[in-house]
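Here's the structure, in structure tokens; my notes come after.
The values are calculated or read from the model by the stated rules, or taken from the named source; none is laboratory data. This structure is a prediction, so every number in the text was calculated from the model and none was measured. Using ideal geometry, Cβ is built from the backbone for each residue, glycine included, and neighbour counts are taken over all protein chains shown.
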Amino acid sequence: MATIVSPSVLAADFANLQRDVEMLNRSDADWLHIDIMDGVFVPNISFGFPVMSAIHNHALKPLDVHLMIVHPDNYIADCKMAGAEFVTVHYEACTHLHRTIQLIKSEGMKAGVALNPHTPVNVLEEIIEELDLVLIMSVNPGFGGQKFLPAAIDKVMKLKDLILSKGASTLIEVDGGVNSTNAPLLKKAGADALVAGSFVFNAEDPIGTIAKLKSC
């Protein structure tokens, strides 16, 4: 299976957001990764649902929404209204994770769980079969342009083993410092989808860069 590429719009030029979304429409990107941060769960604030809705109005590809927020249950319906197809919440932010996953699915969206670098994959053992996606953070969440943490590769392998042992069809996505050097290693370890922000949008040829990631 070809690698799913989900460029992170957080690294786009916000003064030319429509232009950048239309560029992604023309590219081989599969999804558009939308990082929503609240300044509480992570020490940064990105953008909210009005901007996400504007992106959706121009996007021809699914919105892959990553909620880096506290109390995500309060905003699941807003995600649906703003055009999300995937909604990923953080394990660390959900006291009743199963309830949150069911809430996402009740809105007709696909449900994912993100794990911070310090969180082991075995915390998902009892729920993995209900997840459409697990997002492995290969940096500490909150800011783009950080250096990739190599331990994420081993973590992907452990997660893949868990998925196979449970007979689940959960996709593995990796976010943080992804580039053409580590992408093949992540793919070999079992990753299905790669998020890339700065690596794509800072490239001289973003469309070509996305194509290279997809073929890794």
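All but one of (1) more than 21 Å from Asp38 (Cα to Cα); (2) in contact with a Phe, Trp or Tyr (Cβ under 7 Å, 6 or more places away or on another chain) hold for Leu131, so report the exception by its number.
Here Leu131 clears every test but (2).
Which of the residues belonging to the stretch 140-178 are surrounded by fewer than 23 Cβ atoms within 10 Å (Cβ to Cβ), at pLDDT 95 or above, more than 18 Å from Ile128 (Cβ to Cβ) and touching a strand residue (DSSP E or B) at 6+ places or on another chain (Cβ under 8 Å)?
Passing the criteria: none in range.
Would you call Met23 more than 19 Å from Ala193 (Cβ to Cβ) and either at pLDDT below 95 or out of contact with any His (no Cβ under 8 Å at 6 or more places or on another chain) (or both)?
Judged against the criteria, Met23 is a match.
Considering the stretch 169-216 alone, what residues qualify as being of a type in the set (Val, Ile, Thr) and over 16 Å from Lys155 (Cβ atoms)?
Thr181, Val200, Ile207, Thr209, Ile210
Kindly indicate the residue of the stretch 54-75 that is β-branched (Val, Ile, Thr) and within 25 Å of Leu194 (Cβ to Cβ) and also nearest to the chain's Cα centre (by Cα) among those meeting that condition.
Val65
Somewhere in the stretch 127-136, is a residue within 18 Å of the chain's Cα centre (by Cα), in contact (Cβ under 8 Å) with a residue 60 or more places away in the chain and surrounded by fewer than 15 Cβ atoms within 10 Å (Cβ to Cβ)?
Within the stretch 127-136, none of the residues are within 18 Å of the chain's Cα centre (by Cα), in contact (Cβ under 8 Å) with a residue 60 or more places away in the chain and surrounded by fewer than 15 Cβ atoms within 10 Å (Cβ to Cβ).
Could you say whether any residue in the stretch 72-80 is crowded, with 16+ Cβ neighbours inside 10 Å and in contact (Cβ under 8 Å) with a residue 40 or more places away in the chain?
Within the stretch 72-80 (the criterion being crowded, with 16+ Cβ neighbours inside 10 Å and in contact (Cβ under 8 Å) with a residue 40 or more places away in the chain), the answer is no, since none of the residues qualifies.
Just to check your reading of the model, which residue among Lys214, Lys158 is touching a helix residue (DSSP H, G or I) at 6+ places or on another chain (Cβ under 7 Å) and charged (D, E, K, R)?
Lys158
Residue by residue, here is whether (1) closer than 29 Å to Asp161 by Cβ; (2) in a loop (DSSP other than H, G, I, E, B) holds:
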residue	(1), (2)
Leu60	no, yes
Asp64	yes, no
Ala77	no, no
Lys80	no, no
Phe86	yes, no
His98	yes, no
Thr119	yes, yes
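Checking Val113 against (1) crowded, with 16+ Cβ neighbours inside 10 Å; (2) within 16 Å of the chain's Cα centre (by Cα); (3) not in a strand (DSSP E or B): exactly one of these is not met. Which one?
(3)
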